[in-house]
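Everything below concerns the one structure shown next.
The values are calculated or read from the model by the stated rules, or taken from the named source; none is laboratory data. Every value quoted in this text rests on a predicted model; they were computed, and no experiment measured them. Counting neighbours? That spans all protein chains shown, and the Cβs are built from the backbone with ideal geometry, glycine included. Heavy atoms of the whole protein, side chains included, go into the accessibility calculation; ligands, DNA and RNA do not. Shrake-Rupley method; radii C 1.70, N 1.55, O 1.52, S 1.80 Å.
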Amino acid sequence: MNPGKNRLSLGIELGSTRIKAVTIDGSYQPVSGGTYTWKSDFADGIWTYDLDEVWIGLRRAIAQIDDRGGIAAMGVSAMMHGYLAFDADWNLLVPFRTWQNTVTGPAAEELTALFGFNIPQRWSIAHLYQAMLNGEPHVGGIAHLTTLAGYVHHALTGEHVLGIGDASGMFPIHSGALDYDQSMVEQFDALAARRGYSWKLRDLLPRVLTAGQPAGALTEAGCALLDGLLPPGIPFAPPEGDAGTGMTATNAVAPRTGNVSAGTSIFSMVVLEH
């Protein structure tokens, strides 16, 4: 999203150790930045972050940005995967379960066999199915399921959407349809129905968007969450995951390119020809 030669774009990143805010100009050169340091907590056997600290960190990071009035576009990225489950009024049902947790082994194994497609333990759908296998009472009340970037984006814009890269860490994506794999969605809905759940998976998951598609704008409610540091109406790019933003930052997006991230976890992203 290029806002024009003399305007700024604001990128927000919620990483595992820092919340960062950076502006770039129309030539894609960094202009200003701010950071806030945070960390996960191990509570009741689960690695989690306090969502109240999301807003403390965002306000402090954005407050360090120069020329906030010149921001013409913005977007959010964050740690991928994990489990953020909300009711119909967007009340958090259980503490955020991050990508760090390895408590979904039975669910990941069963879904991998069902779909014929590898489902890692950290994926959102593995967390959801494990909660179903555990008989956790909150599952019946879920109305919205998203990632950390999707949660922040919704709070700021009112849009329950996700960029396709981040969405691919929630549920398998069909590369032709550029959307969740419908046959696998139907298989999962059948699992849920057999366990007595009335919701449909697509009603829970964020709508999938690709790069460049409009993803809403900063609302008055979003401005209030940021203590009025930014004006309403700023358009947003689709929220994305840290793997996709890392690929973009290193220009490793074309077939036969790739990059390696050596952060809190070490992983490689390789772009194939198909």
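Select from segment 125-159 the residues that are open to solvent by 30 Å² or more (accessible area, probe 1.4 Å) and of a type in the set (A, V, I, L, M) and list them in ascending order. Please lay out each step first, then the result.
Initial filter on segment 125-159 (open to solvent by 30 Å² or more (accessible area, probe 1.4 Å)): 133-137, 140-141, 144, 151, 154, 158-159.
Once the filter is applied, which keeps residues that are open to solvent by 30 Å² or more (accessible area, probe 1.4 Å) and of a type in the set (A, V, I, L, M), segment 125-159 yields only Leu133.
In segment 16-79, which strands (runs of 3 or more DSSP E) lie fully inside it and hold 2 or more residues that are over 22 Å from Pro238 (Cα atoms)? Explain how you work it out, then say what you get.
Numbers: elements: 18-24, 30-37, 41-43, 46-48, 71-78.
Hits in segment 16-79: 30-37, 41-43, 46-48.
Taking the criterion of being at pLDDT below 95 and open to solvent by 70 Å² or more (accessible area, probe 1.4 Å), would at least one residue in segment 219-234 satisfy it?
As a first pass, look at segment 219-234 and keep what is at pLDDT below 95: none.
Scanning segment 219-234 turns up no residue that is at pLDDT below 95 and open to solvent by 70 Å² or more (accessible area, probe 1.4 Å).
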remark   = How many residues of segment 48-67 are surrounded by 14 or more Cβ atoms within 10 Å (Cβ to Cβ) and modelled with pLDDT under 95? The answer is 0
request  = Could you look through segment 164-204, keep only residues that are within 21 Å of the chain's Cα centre (by Cα) and open to solvent by 70 Å² or more (accessible area, probe 1.4 Å), and pick out the one that is farthest from Gly141 (Cα to Cα)?
outcome  = Ser175
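Determine if segment 18-30 includes at least one residue that is in contact with a helix residue (DSSP H, G or I) (Cβ under 7 Å, 6 or more places away or on another chain), closer than 15 Å to His153 by Cβ and of a type outside the set (Lys, Arg). Show your work before the answer.
Going residue by residue through segment 18-30, those that are in contact with a helix residue (DSSP H, G or I) (Cβ under 7 Å, 6 or more places away or on another chain) are 19-21.
With the extra rule that they be closer than 15 Å to His153 by Cβ, the set shrinks to 19, 21.
Next, only the ones that are of a type outside the set (Lys, Arg) stay: 19, 21.
Within segment 18-30 (the criterion being in contact with a helix residue (DSSP H, G or I) (Cβ under 7 Å, 6 or more places away or on another chain), closer than 15 Å to His153 by Cβ and of a type outside the set (Lys, Arg)), the answer is yes, since at least one residue qualifies.
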query = Which number in (1) buried (at least 17 other Cβ atoms within 10 Å of the Cβ); (2) within 28 Å of Gly158 (Cβ to Cβ); (3) not hydrophobic (A, V, I, L, M, F, W, C) marks the one condition that Thr248 misses?
reply = (1)
Segment 80-106, subset under 15 Å from Pro120 (Cα atoms) and among the aliphatic types (A, V, I, L, M), residue least open to solvent (accessible area, probe 1.4 Å) = Met80
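For the subset of segment 6-21 comprising residues that are more than 18 Å from the chain's Cα centre (by Cα) and open to solvent by 50 Å² or more (accessible area, probe 1.4 Å), which member is nearest to Trp55 (Cα to Cα)? Explain how you work it out, then say what you get.
Of the residues in segment 6-21, the ones more than 18 Å from the chain's Cα centre (by Cα) are 6-9.
Imposing the further condition that a residue be open to solvent by 50 Å² or more (accessible area, probe 1.4 Å) reduces the set to 6-7.
On the way: Asn6: 29, Arg7: 25 Å.
Among those residues, the one meeting the criterion is Arg7.
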